[in-house]
1. Here is a list: Asp71, Asp49, Asp7. Which entry is over 26 Å from Ala128 (Cβ atoms), surrounded by 15 or more Cβ atoms within 10 Å (Cβ to Cβ) and not aliphatic (A, V, I, L, M)?
2. Kindly list, by first and then second residue, each pair from a residue in segment 39-61 that is more than 18 Å from Asn106 (Cβ to Cβ) to a residue that is of a type in the set (Asp, Glu), limited to pairs with Cβ atoms under 7 Å and residues at least 6 apart or on different chains.
3. Output the number of residues of segment 144-164 satisfying the condition of being outside any strand (DSSP E or B) and either surrounded by fewer than 18 Cβ atoms within 10 Å (Cβ to Cβ) or not charged (D, E, K, R) (or both).
4. Out of everything in segment 165-192 that is open to solvent by 60 Å² or more (accessible area, probe 1.4 Å), hydrophobic (A, V, I, L, M, F, W, C) and touching a strand residue (DSSP E or B) at 6+ places or on another chain (Cβ under 6 Å), what residue ends up being farthest from Arg77 (Cα to Cα)?
5. Given the structure, is Glu165 over 12 Å from the mean Cα position of the chain (by Cα) and more than 25 Å from Gly190 (Cα to Cα)?
6. Cβ-Cβ under 6 Å, sequence separation 6+ or interchain: first residue in segment 105-125 and free of Cβ contacts under 8 Å to residues at least 40 places away in the same chain and of a type outside the set (D, E, K, R), partner open to solvent by 30 Å² or more (accessible area, probe 1.4 Å) and in a loop (DSSP other than H, G, I, E, B). Which pairs?
7. In segment 74-90, what count of residues is obtained for those that are closer than 13 Å to Ala128 by Cβ and open to solvent by less than 40 Å² (accessible area, probe 1.4 Å)?
8. Taking segment 1-48 only, how many residues are touching a Lys or Arg at 6+ places or on another chain (Cβ under 7 Å), closer than 21 Å to Arg141 by Cα and modelled with pLDDT under 90?
Amino acid sequence: PESYNQDYPFLLRSRAYLGIKNKLDPFRAVVEFEDANRVNGKYPLDDRDVNRAEIIQGYVELHFKKLLGKDNLGNSRPLLIRAGRMAFEFLNRNLIGLNQWRNTTNNFTGLRVSLGQDNNDWQLDLLALRPVQRIIQKLDRAEEHRDFLAAIGHWRKWSKVITIEPYYLGLQQRANISNGNRYRIIHSPGVR
């Protein structure tokens, strides 16, 4: 039938990653570049498929490996302070994720502080970020009218298999013409 659509897009994505780790400790740095594109599509380009020549991660980090001593399991509990543009996943990717099923990547600009690491008996991640808006024909930029705050705990003391993650996620949107002049604050506490 005439309504049958024969759209056969071909998605392309290239990434390059450069990181300085351990050589200049406690100073570390990362730059990750992405070029995501779509060809052979009939519909207008959108930011789910296309993000041309963008830095998806570019941050500096202070990583103190033994500043907080050792945990009950004998593992060092590091302190990490990271600032810049970041892409990461938390809370089983359901609430904060890179979105692996899309051709482009979610990222944020701001500050991340981590007390501990994945092999510690407990860990705490504190985030103060702004979501990055993907723009097809220009460089991406942090959203000026939206702030994202989070505190995510990871409790592994009782089991080697089970992790309990209490969290608080907060989103503040300031009134602006781009969001219909709506001011709102969204609080999302929970346990996973």
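The values are calculated or read from the model by the stated rules, or taken from the named source; none is laboratory data. Here the structure is a predicted model, which means the values were calculated and not measured. Cβ sites come from the backbone with ideal geometry, for glycine too, and all protein chains shown count toward neighbours. Keep in mind that these areas ignore ligands, DNA and RNA; they rest on the heavy atoms of the full protein, side chains included. Shrake-Rupley method; radii C 1.70, N 1.55, O 1.52, S 1.80 Å.
1. Working: Asp71 fails: over 26 Å from Ala128 (Cβ atoms); Asp7 fails: surrounded by 15 or more Cβ atoms within 10 Å (Cβ to Cβ).
From the options Asp71, Asp49, Asp7, the qualifying one is Asp49.
2. Partner pairs satisfying both residue conditions: Gly41/Asp7; Lys42/Asp7; Tyr43/Asp7.
3. Keep residues of segment 144-164 that are outside any strand (DSSP E or B), which gives 144-145, 156-163.
Imposing the further condition that a residue be either surrounded by fewer than 18 Cβ atoms within 10 Å (Cβ to Cβ) or not charged (D, E, K, R) (or both) reduces the set to 144-145, 157-163.
Residues meeting the conditions: 9.
4. Ile185
5. On the way: over 12 Å from the mean Cα position of the chain (by Cα): yes; more than 25 Å from Gly190 (Cα to Cα): no.
Answer is no for this residue.
6. Asn106/Leu98; Asn106/Asn99
7. Residues of segment 74-90 closer than 13 Å to Ala128 by Cβ: 81-84, 86.
In the following step, the residues that additionally are open to solvent by less than 40 Å² (accessible area, probe 1.4 Å) were identified as 82, 84, 86.
Residues meeting the conditions: 3.
8. Result for segment 1-48: 3.
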